[in-house]
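Structure first, commentary second.
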Amino acid sequence: MALARVNALRLSPDGTRLVSVVQSLNPDGKSYGAALWEIPQDPGGEPRRLTRSAKGETGAEFAPDGTLFFVSRRPDETAKESGGDTAALWLLPERGEPVRVATRPGGIGGVRAAGGAVVYTSEVLPGDAATEEERRKAREEAGVSAILHEGYPVRYWDHDLGPAETRLFAGRAVREGLEDVRDLTPTPGGALNEHLSFDLTPDGRTVVATWRVPLPNGDVRWDLVAIDVADGSRRTLATSEGHDFAGPVTVSPDGRRVACVRERHGAEETQVALDLWVIDLATGEGHAVAREIFPVSVAWAPSSRELFFAADHRGRRPVFRVGTEAGTEGGTEGGIEGEPTRLTSDDGAYAELCPAPDGSVYALRGAIDSPPRPVRIAADGSVTTLPSPVPPLDLPGTLTEVTATAEDGTEIRGWLVVPAEATAEDPAPFLLWIHGGPLSSWNDWSWRWNPWLMARHGYAVLLPDPCLSTGYGQDMIKRGWGDWGPVTHADLMAITDECLKRPEIDEQRTAAMGGSFGGYMANWVAGHTDRFRAIVTHASLWNLDQFAGTTDGANYWQREFGALGSARYARLSPHRWLGEIRTPMLVIHGDKDYRVPIGEGLRLWWDLQRTGVESKFLYFPDENHWVLKPGNAIAWYETVLAFLAQHVLDEGWTRPPSLS
């Protein structure tokens, strides 16, 4: 929990400066703060810390002239009485002290700068932005927390939506900060709330942003819009029935095109599919340059003729390069100009791509066995590790790629972490750890779901990618679409059986665990086999019909499962197999989890209690879907390890110190 983490990477437009955001534990041990660091581009250099505010800094972005903008709650002499504890926009010159350049009563979020313009986001109460501070104060003094909704959704992950709405503001950059600041979206109607991704054209004249469009019966669609910075006029750049245009949104260096992700809406018999999409800013005409991929980072080459992207691929996340000119494929208009070329060939999971003028790409490289570290990728794909503010870790075991064959002949692969001391004479107990999503993959380091902590306590940990995992083509998603439990369970058992053949793993001392969709599968496993000694289920779906009507994104899940009450809910709901559960279970849930509401955990706990299943309930009143506060995260691991020790290692129950 105390290890520093490199979270972001930005390259100056001239390619001479590389800056990262580094998160670390605050002195009180109860929260995290962040600082800006300069990363040397020479492997022999030393990282240099740029900021030291007690409030921390985020959102680093370079302006064309090399000026560095960032967002921070740090106060200055002019902000001590007003806005000092609200996230403001700051400017860090290459030499000198930071200067506060903009503030809003609702704080400032993302920022982009180009062509002398600076565009940023802020949360604003409906009405005139100029009177917002007074209206916020009046609402607070009146003790009003009520929010009146007239559409869907009403909350997201761990926070309520409204009454403030996200808006875009623009100003002209001057030496002293910003002038001529104006509200570009005075009546967004929630269109910019959550999922917002935006970019600014190089001339500073146009903002390209995602825009939420309400649809009948509570559904929504995301379009792409172009907003004129001078007058705030808006035109729809891309819209398509049955598709979302989503981030990352990035404008080409020549200002002619924009890249984004076009996502096909799922339906009961149609799977979600994502394409990397390029749109002409003048005409709105678009085409795919890569189909059916799950990209995490997208960036234009300086020439504007190529895109670099990092996407899931067989338990890794390589960097790919693809041409962007519209062409034809098989005589069909709008096809792909050329297939993407894989640039990196290792096991890395890349993100934060920053193409440089010399043809190289700076990025963060993580992996199952490595936290993210800054690297430089040469044009030939060779990777050079750069000095990092975070030292390399000495991990307590080995990482091996494993495969198995599913019932239908599909290859199922995963990663197996084995503790260093495991041998045939002293085999390690086995832990099956199921990923969330379900559209996801075990391919990167996780500070929160970390198998190496379990390996340090002697467990071999299997991280499998069953059906619905990304990076294996659309057929892998199709295998489990609308059929979550049965097919996924069969895949998990096939690769578990294969791993348990290894002499260094104890086939008798086994457990299974998972969170979110992984928690759904942990519940499903509990009702369909008694082969495991213990099961840990975190933020789990238990009654599928109940979940689908109370989650923060009901419209998304009902596309796949159909109307509430349909046969698919009943067939795939784990609660129907309650009577078959014999395995001791640890149930974990946070009260602030809006993606999988607390009702799922409470119902599961009550059902286990009334049927006499040996179980414990680890409840976090102040936590969200992931349980992120350092002390609570430590309590999470301590409790999981104590529960596993009781049932897998036969050591009996020992209450974790943090819970006493």
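Of the residues making up the range 640-656, those that are in contact with a Lys or Arg (Cβ under 8 Å, 6 or more places away or on another chain) and open to solvent by less than 10 Å² (accessible area, probe 1.4 Å) are 643, 648.
Number of residues in the range 110-134 that are closer than 18 Å to residue 161 by Cβ, at pLDDT 95 or above and not hydrophobic (A, V, I, L, M, F, W, C): the value is 3. Would you kindly identify the strands (runs of 3 or more DSSP E) lying entirely within the range 29-128 that contain at least 2 residues that are touching a strand residue (DSSP E or B) at 6+ places or on another chain (Cβ under 6 Å), closer than 25 Å to residue 357 by Cβ and open to solvent by less than 50 Å² (accessible area, probe 1.4 Å)? By residue number, 32-38, 57-62, 68-72, 88-92, 111-114, 117-124. Under the condition of being under 27 Å from residue 27 (Cβ atoms), in contact (Cβ under 8 Å) with a residue 24 or more places away in the chain and in a loop (DSSP other than H, G, I, E, B), the residues counted in the range 626-660 number 4. Taking the criterion of being part of a loop (DSSP other than H, G, I, E, B) and open to solvent by less than 60 Å² (accessible area, probe 1.4 Å), the residues of the range 360-378 that qualify are 360, 368, 378. Selection within the range 299-356: residues that are open to solvent by less than 50 Å² (accessible area, probe 1.4 Å) and of a type in the set (S, T, N, Q). The member of this set that is modelled with the lowest pLDDT is 324. Within the range 211-223, residues that are at pLDDT below 95 have Cβ atoms under 6 Å from residues that are among the hydroxyl-bearing types (Ser, Thr, Tyr) and open to solvent by 40 Å² or more (accessible area, probe 1.4 Å) in these pairs: 218/152, counting only partners at least 6 apart in sequence or on another chain. When the range 429-478 is limited to residues that are open to solvent by 30 Å² or more (accessible area, probe 1.4 Å) and under 22 Å from residue 532 (Cα atoms), the one that is nearest to the chain's Cα centre (by Cα) turns out to be 449. Residue 620 meets each of the listed conditions (1) out of contact with any strand residue (DSSP E or B) (no Cβ under 9 Å at 6 or more places or on another chain); (2) open to solvent by less than 20 Å² (accessible area, probe 1.4 Å) apart from (1). Here the range 369-398 is the region considered, the condition is being aliphatic (A, V, I, L, M) and out of contact with any helix residue (DSSP H, G or I) (no Cβ under 9 Å at 6 or more places or on another chain), and the residue that is farthest from residue 46 (Cα to Cα) is 379.
Within the range 579-606, the set of residues being under 32 Å from the mean Cα position of the chain (by Cα), under 23 Å from residue 561 (Cβ atoms) and part of a helix (DSSP H, G or I) comprises 598, 599, 600, 601, 602, 603, 604.
Residue 468 - would you say it is under 24 Å from residue 275 (Cα atoms) and without any contact (Cβ under 8 Å) to a residue 60 or more places away in the chain? When the stated conditions are applied, residue 468 passes them. For the range 379-392, taking the residues that are touching a residue at least 40 places away in the same chain (Cβ under 8 Å) and assigned to a strand (DSSP E or B), the one that is least open to solvent (accessible area, probe 1.4 Å) is identified as 384.
The values are calculated or read from the model by the stated rules, or taken from the named source; none is laboratory data. Only a predicted model underlies this, so the values are computations on that prediction, with no experimental measurement involved. No Cβ is skipped: glycine too gets one built from the backbone with ideal geometry, and neighbour counts run over all protein chains shown. When the accessible area is computed, the model is the full protein with side chains, heavy atoms only, and any ligands, DNA or RNA have been set aside. Shrake-Rupley method; radii C 1.70, N 1.55, O 1.52, S 1.80 Å.
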